[in-house]
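The values are calculated or read from the model by the stated rules, or taken from the named source; none is laboratory data. As the structure is a computational prediction, the values presented were derived from the model and not from experiment. Because the Cβ atoms are built from the backbone with ideal geometry, glycine has one as well, and the counts that use them run over all protein chains shown.
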Ligand code: UD1
Ligand code: MG
């Protein structure tokens, strides 16, 4: 038996089509599935399957599309090839030829199959041999829209007939083309120039390569996928919603097998980039995106949204919190209704209550801000108590200024810090104070007007108002 020489597998990803069925101003391939453009999922699967690089076929003026997609798979070398105008999938692969080496094997993937996994890609790679076109196929109870596989007596494909071009007797064929192929670059270079466009769409179909191979002594081989839900092409918004749900459930199942509890898996969204430790509980309607990392034994309350958040162990997030690009060390408690914005760090054991907003604030260990506060550009020491209604006035209309509260400071309710301002260790701010100057360590700062009580004022007021009432005026 001929031994396989290790070859360079290069992914050729087709993404230049108009995607008209999406009815969108955006290119189809940029529509997101679980937070990533759909074609980025395809590139990732190719990378994980062992392809050494990728050639991404895009339409005209697609530089932005290219940079969005290639930056989503940072460690994978991706090159752009342009197909202008798009004249079919065969023409698209032709545009990649000059970037393929003679010894390369092209792993051709439609860019619109976002649920594909690396094992699916590996299967056509494993089935490949020299001078062979490998086609991924499956059997569908409803094959409409897909190219039908026509087989010879030995069972290998002799042709693929596109849905629109099927003769009535071919329409009932349930054996379909999935749009996943492995083929020698040399075979492509030899056969692609022979493609013709005499079909219902006037396009150069890649699928016609099958019959060209058969007429030129090249081999064709079908690899049959039993379970094909992951390989369904996304052509419209209904397909997009199916793909979103499928990927979402895949991530949630993996989390559950790793020891994460989901109170209602139908109502949680966690992107695949997120890491969550054992015994953490996600309540319903939680959304966790980006490079978020969550420790063990945490609880994320209902309807909370986390984006690029880092949580230590034992963090408790009560319902309806929004966290973005912030760090919560272990045993922190936040919410309900807390908003933690970029650059915020809540140190170990600190607590942030309802309607508290923080931005670029380092909140010290064991400190507390229980209610209705805004802390921005602030450095808060250890064991600080921030009373209800405390506001850092950090912006003077032009610049942002810092507020620093040293360890053990006590801030009475309804305090404003007009930054820049510094309060020394164990400084004490009386309720209702507007702090405009630094406060020395251990000092009390109060700025409110002294209270005056006027005895009997209420009675005098009502007597005065009765006397002024006109006698014959009816009550209204
Ligand atoms: C294609 C196959 C069909 C298969 C189905 C599987 C052909 C002719 N048909 O049909 O046999 O059953 O996929 O999902 O290949 N593209 C380009 N340039 C073009 C046209 C398309 O890059 O000129 C890209 C698209 O962006 C898309 C992919 O190729 O990512 C497939 O194109 P699409 O129009 O979706 O083909 P299907 O009709 O789904
Ligand atoms: Mg398609």
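Observations
- Some residue of the stretch 110-119 being more than 24 Å from residue 290 (Cα to Cα), surrounded by 15 or more Cβ atoms within 10 Å (Cβ to Cβ) and either modelled with pLDDT of 95 or more or within 23 Å of the chain's Cα centre (by Cα) (or both): yes
- Candidates 369, 378: the one that is without any contact (Cβ under 8 Å) to a residue 24 or more places away in the chain and under 18 Å from residue 328 (Cα atoms) is 369.
- Matching residues, the stretch 66-97, being within 11 Å of ligand 1 (Cβ to nearest atom), touching a strand residue (DSSP E or B) at 6+ places or on another chain (Cβ under 8 Å) and outside any strand (DSSP E or B): 83, 89, 92, 93, 95, 96
- Filter pass, residue 184 being away from ligand 1 (no atom under 12 Å from the Cβ) and crowded, with 19+ Cβ neighbours inside 10 Å: yes
- If you filter the stretch 140-152 down to residues that are within 12 Å of residue 222 (Cα to Cα) and surrounded by fewer than 20 Cβ atoms within 10 Å (Cβ to Cβ), you find that the one that is nearest to ligand 2 (Cβ to nearest atom) is 150.
- Contact map, the stretch 175-201: residues that are free of Cβ contacts under 8 Å to residues at least 60 places away in the same chain paired with residues that are part of a loop (DSSP other than H, G, I, E, B), Cβ distance under 6 Å, separation 6+ or inter-chain. Pairs shown: 176/140; 176/143; 176/146; 177/147; 187/218.
- Sole exception among (1) more than 36 Å from the chain's Cα centre (by Cα); (2) surrounded by 13 or more Cβ atoms within 10 Å (Cβ to Cβ) for residue 402, by number: (1)
- Subset of the stretch 339-352 (residues that are closer than 19 Å to residue 313 by Cα and buried (at least 19 other Cβ atoms within 10 Å of the Cβ)): 340, 344, 345, 346, 347, 350, 351, 352
So that you can scan it fast, the table gives a plain yes or no per residue for (1) surrounded by fewer than 16 Cβ atoms within 10 Å (Cβ to Cβ); (2) under 19 Å from residue 44 (Cβ atoms); (3) within 16 Å of ligand 1 (Cβ to nearest atom):
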residue	(1), (2), (3)
228	no, no, yes
237	yes, no, yes
258	yes, no, no
268	no, no, no
